[in-house]
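Here the structure comes first, spelled out in structure tokens, and everything after it is commentary.
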Amino acid sequence: MDRERIVQLFFFGFLAVMAYELYELLLPFLTPIAWGILLAFMAHPALIEVEKYVKRRSLSSAIISVVIGLGVFIPAIWLSGRLVVEAQALYIQATHLVSSGGIVKIHDSVMQTELGGWIAKRMGERGYKLDEQLPKLTLQAARLTSDYVIKNASSAARNVVAFVVDVGIALLAFFYLLRDGDFYYKGLRDLTPLHEDDKKAIFDTLRSTLSSVMRGLMLTAVLQGVTIGIGMLIFGVPYWLFLAIASAAAGLMPIGGTALVWIPATIYLGFASGWSAAAGLVIWCLIALAVIDNFIKPLAMKHGTGLPTLALFLGILGGLEAYGPLGLFLGPAIMSVFAALLRVYRKEYAEGRKAA
């Protein structure tokens with residue numbers, strides 16, 4: 001084995017070891033760094049616009065970083081407080097509903113239906129009396145919900161230092177990537193040992209995929225949460241703000257979606273206020289979701305990811321399982337880059353071998 005071969009083996013071995021050590025070093029901060037990268041990618045068009053007026057890249061990046069920081073801290077503090085208040089109010093209202101006989105009225109209304117009578121009869125045969133158990137179960141469910149939200153809010157308060165550190169790292173990464181992102185992007189491209197056309201295909205695929213997924217998922221989730229929240233406010237569903245936030249979060253999920261929130265709310269509304277109001281809420285939600293899913297989402301994903309629907313679905317689902325919320329973006333990105341690499345392989349090797 002000649003000396004040059006030994007040098008190459010040593011270099012790449014040493015590089016692999018140092019890459020692994022670097023990974024271990026940054027592992028606790030990978031999630032906030034990844035969020036900083038995604039935020040910088042999303043905010044880059046805004047940076048270009050701000051730079052037209054400010055004329056300095058560092059100052060423009062600092063302005064946007066401050067705006068993003070305030071946009072994270074202030075809503076997070078406000079929403080945490082609202083969730084705790086509404087969780088406590090939920091328990092108080094459930095207690096009042098039990099003590100005032102509201103549960104008994106709901107029970108009587110259900111028992112007047114054929115399905116309700118059948119369920120009561122079957123449960124009675126097994127020793128369960130709904131008229132006795134329903135108030136207890138309702139109160140316990142409300143207490144558990146309230147305690148869970150308050151407990152987690154208290155836990156979040158106790159871990160506020162960790163939260164601040166993570167947000168600080170994300171904002172720091174966001175600022176430097178926003179300011180120097182073009183330099184890092186060019187350096188990464190130069191390190192990639194592919195032909196220029198292949199580099200362009202892969203990096204353009206990654207950029208278009210992230211753009212379309214971010215645009216489609218985030219915009220539609222926010223719109224779904226807002227429209228469903230407005231519908232719940234109009235038809236008199238209590239805790240509509242809490243449910244609107246839950247709808248927006250559920251809208252990011254590939255299975256169930258916002259139906260996980262508005263269908264139970266509709267059932268509650270039917271028993272509490274009447275089935276005409278519940279029917280109105282169902283019609284509102286169905287029309288809003290149909291417009292958002294069939295018109296706004298395709299428009300937001302106009303350029304598309306270049307992936308088949310099944311591949312996009314599996315990418316999102318697998319990304320959520322593997323990476324958590326970041327998987328919403330990383331899953332489709334990995335699928336798209338892999339597809340681009342397959343196209344490069346087919347062009348460079350498969351077709352080249354046939355030509356030879």
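Bear in mind that the values in this text are calculations on the coordinates, not laboratory data. Remember, it's a predicted structure, so these values are computed and weren't measured experimentally. Don't worry about glycine lacking a Cβ; one is built from the backbone with ideal geometry, like all the others, and counts go over all protein chains shown.
For a label point 7 angstrom out from the Cα of Ala279 toward its Cβ, which stretches of region 213-235 have the backbone nitrogen within less than 18 Å? Those under the cut-off are 235. Using a cut-off of 24 Å between Cα atoms, the listed pairs Lys55/Lys199; Lys200/Lys347; Lys52/Lys186; Lys199/Lys347 include Lys55/Lys199 as exceeding that distance.
Could you tell me what fraction of 2.2 N^0.38 Å the Cα radius of gyration of region 1-41 comes to, as a two-decimal ratio?
Relative to the rule-of-thumb radius for its length, region 1-41 sits at 1.78.
Packing here is the average count of other Cβ atoms within 10 Å per residue, and on that basis the peptides 27-38, 171-182, highest first, run 171-182, 27-38.
Starting from the Cα-Cα distance between Ile6 and Leu22, subtract it from 0.36 nm times their residue separation and give me the gain in nm to one decimal.
Numbers: separation 16, 0.36 × 16 = 5.76 nm, distance 2.39 nm.
Result for the pair: 3.4 nm of gain on full extension.
Once the Cβ-Cβ distance of Ile267 and Leu314 is raised to the sixth power relative to R0 = 35 Å, the FRET efficiency obtained is 0.65. Working from Cα pairs under 8 Å separated by at least six residues, relative contact order for region 173-291 is 20 percent. Along region 15-27 the Karplus relation, 6.51 cos²θ - 1.76 cosθ + 1.60 evaluated at θ = phi - 60°, assigns HN-Hα couplings of 4, 5, 5, 5, 5, 5, 5, 5, 4, 5, 5, 8, 3 Hz to successive residues, with x for each Gly and Pro.
The packing ranking of peptides 9-21, 281-293, highest mean first, is 281-293, 9-21, where packing means the average number of other beta carbon atoms within 10 angstrom of each residue.
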